[in-house]
Amino acid sequence: MDMPVKLSVDKLTKKYNTLEVLRSISAEIHRGEFVSIVGPSGCGKTTFLRIVGGLEKANSGEVRLDGRVLTGPGSDRGFVFQQDNLLPWRTVLDNTEIGPEIGGYRNADQRKKTLKLLKLVGLAGFENYFPRQLSGGMRQRVNLARALAVDPDLLLMDEPFSALDAQTREIMQTELLRIWEEGRKTVLFVTHQIDEAVYLSDRVFVFARRPGCINEIMEIDLPRPRPLSMKRTPEFVAYVDHIWKLIEEDVRASVLEEHA
Amino acid sequence: MADAALTEAQTQPGWGSSLASGLKARAWGLGSIAGGLLIWELISRFLVGNKLFLAAPSQVVVAFIELTRSGELSKHIYISGLEFLLGYSVACILGILLGLAMAQSTSAKQALQPWVSGLYATPTVALAPLFILWFGIGIMSKVVVVAVLVIFPVVINTEAGLRTTSPQLIETVRSFGANARQIFFKVALPSALPFIFAGLKLGIGRGLIGVVVAELFGSRAGLGQLISQSAETFNMPALFAGVTILAAAGIAMTSGFGWLERKLLPWRE
Ligand SMILES: Nc1ncnc2c1ncn2[C@@H]1O[C@H](COP(=O)(O)OP(=O)(O)O)[C@@H](O)[C@H]1O
Ligand SMILES: [Mg+2]
């Protein structure tokens, strides 16, 4: 990658009381890069993303965005949550514009951008719907549009498709890539689905658990645009196999623990 | 994609079918009321046959017309209405403010909680004679009784509504850099509104009970006074006229609130 560094994480450590969740994580993400984090459940993916989002404080270490040290949340980052977290009393349009509203620039100019954005995510015509009138897939589109509405430098996504059924999820993956191609934002995408990570990303960070740390960083050297059929090519399957072998032990351990 | 999105949207019931089902539900309700009135009329005419014990609906209607003609009824309605309105408004404003205070500050919550829970559970309406002793036989004592009865469900619901605000939603607006004021007005308050409404609705019935009971214990005018006076003179038709008006007021206010709720909170089912 010859793009400049967008996000740099330096020796990040997080503990909850005695539980060491993240140990000395260091990584760099370049501008316009799509990076996924995979790892077994409980390995600290969400915690990592929340620290980068400024929603959680690290015990030590630093996160820099364009060289600035981050200390709290801000509209330079857009967070797409695992549950859609839409405000039920707001329409699609009002939900999407919550970021600009909080930032104090919800004006006619912004409205034009928002309507374009809703069209981009496939929600044109649904501006005045309330969340309860939408399907899960549509709510996640609003969730994404809401994060994009503040025009963030960095998009943080925490398993946004995990609550969707398998078909809808695949559609949403292609949709996400289509939307991403439009603006080429820097994306940090958390998932526990290996094929999702490989399909979407330029690089995949494979997390190990207890304490969470980066086990391996995989370059995904597959051409773009990527059709869904790519998931059946031998190259794709080889990437998935490789990552699966890396985390298999950890996944087994975490499954056993959850059932203990 | 738009097509796929369209099919994803929840299909809503058509206007025609909802109208038809509404009429059907109403038909049963109206039929039930008419049947009840008919049975009441027949029992009081043929089974009881004594106006001193039970007045027939037709006699209540006659009493209603007479009371209206003499101007007596409007006087009673005006006094009771005023007492209710003043007490209810004061209780709503104070109740919401106290609920906000309890939700915002732990010390306020700890200081107020025992009083709120204790007095909500107490049948404070039994204290009406005491309030009449303190505040006199005029409307003031009734306003106080109404306010005391209405305030507790309002406080409790306001506090509960604010306290149960989803932490995920708060976190969401926080991720966009919202400050405490924005979190309150954009998340906590709107999410508490349905609870606050429920408290206000509960207050209607309690407030009406307050008006009547307080007037029974001592008053110069009002529907409660009309009822107690009619009972003393064995004027059952007038007594029932008073009760009917109270019932109608309760139903009208409750359904008015339901209407307002649907207008103000269209995002709910
Ligand atoms: N607020 C918290 N307090 C205590 N422990 C927590 C908290 N949040 C997460 N954890 C623990 O930290 C570990 C990592 O959690 P998380 O980051 O959610 O993992 P992942 O997203 O990879 O499944 C888990 O063991 C979880 O129980
Ligand atoms: Mg997680």
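Here, each number is a calculation from the coordinates, and none is a lab measurement. Keep in mind that what you see is a predicted model, and the values were worked out from it rather than measured. Using ideal geometry, Cβ is built from the backbone for each residue, glycine included, and neighbour counts are taken over all protein chains shown.
With just the Cα atoms defining each centre, how far is the stretch B:177-203 from the stretch B:158-176? Give it in Å.
9
When B:CYS92, A:CYS43 are ordered from fewest to most other Cβ atoms inside 10 Å of their Cβ, what list results?
B:CYS92, A:CYS43
Over chain B, calculate the relative contact order: mean separation of alpha carbon pairs under 8 Å at least 6 apart, over the residue count, as a percent.
Answer for chain B is 23 percent.
Once you keep just the Cα pairs under 8 angstrom separated by 6 or more residues, what percentage relative contact order results for chain A?
Rounded, it is 26 percent for chain A.
Short version: ³J(HN,Hα) in whole Hz for each residue of the stretch B:177-190, in order, from phi by Karplus 6.51 cos²θ - 1.76 cosθ + 1.60 (θ = phi - 60°), x for Gly and Pro, what are they?
x, 5, 8, 4, 5, 5, 4, 5, 6, 9, 10, 4, 5, x
For the stretch B:190-269, which trypsin sites (Lys or Arg not before Pro) pass both filters: DSSP loop (anything but H, G, I, E, B) and at most 16 other C-beta atoms within 10 Å?
Answer in residue order: B:ARG220, B:ARG268.
If a/c stays under 1.5 just call it rounded; otherwise compare a/b with b/c (prolate if a/b is bigger, oblate if not). Do that for chain B, with a ≥ b ≥ c from the square roots of the Cα gyration tensor eigenvalues.
Oblate, because a/c is 1.5 or more while a/b does not exceed b/c.
Gaussian network model of chain B, Cα springs within a sub-10 Å range: biggest mean-square fluctuation belongs to which of B:GLY118, B:GLY99, B:GLY199?
B:GLY118
In the protein assembly as shown, with Lys and Arg counted as +1 and Asp and Glu as -1 at Cβ, which of these residues, A:LEU256, B:LEU264, B:THR122, has the Cα nearest the positive end of the dipole, that is, farthest along it?
With unit charges placed on the Cβ atoms, the residue in question is B:THR122.
Taking loop as defined by DSSP and a crowding limit of 10 other beta carbons within 10 Å, which chymotrypsin sites (Phe, Trp or Tyr not before Pro) in the stretch A:1-73 fit?
For chymotrypsin sites (Phe, Trp or Tyr not before Pro) across the stretch A:1-73 that sit outside H, G, I, E and B with at most 10 neighbouring Cβ atoms in 10 Å, the list is empty.
I want the local charge near B:SER219. Using Cβ-Cβ distances under 13 Å, sum +1 for each Lys or Arg and -1 for each Asp or Glu among the other residues.
Once positives and negatives cancel, what remains is +1.
Grab the other residues whose beta carbon is less than 12 angstrom from that of B:TYR120, score K and R as +1, D and E as -1, and report the net.
Overall, the nearby charge balance is 0.
Cα to Cα, under 30 Å, and not fewer than 8 places away if on the same chain: which lysines meet these conditions relative to A:LYS119?
Qualifying lysines at Cα under 30 Å: A:LYS6, A:LYS185, A:LYS231, B:LYS186, B:LYS263.
If we count every other residue with Cβ under 10 angstrom of A:THR13's Cβ, Lys/Arg +1 and Asp/Glu -1, where does the sum land?
+3
Ignoring everything except DSSP H segments at least 4 long, calculate the 222 nm mean residue ellipticity for chain A; use -39,500 (n - 2.57) per segment, divide by total residues, nearest 500.
When only DSSP H runs of four or more count, the value is -11500 deg cm²/dmol.
Mind sorting A:GLU235, A:GLU127 by how few other Cβ atoms lie within 10 Å of their own Cβ, fewest first?
Listing A:GLU235, A:GLU127 from fewest to most nearby Cβ atoms yields A:GLU235, A:GLU127.
Restricting the count to DSSP beta bridges whose residues both fall in chain A, what percent are antiparallel, rounded to a multiple of 5?
Of those bridges, close to 55 percent are antiparallel.
Note the angle between two axes, namely the Cα long axis of helix A:166-183 and the longest principal axis of the Cα atoms of chain A, as a number of degrees from 0 to 90, rounded to the nearest 10.
Helix A:166-183 sits at roughly 70 degrees to that axis.
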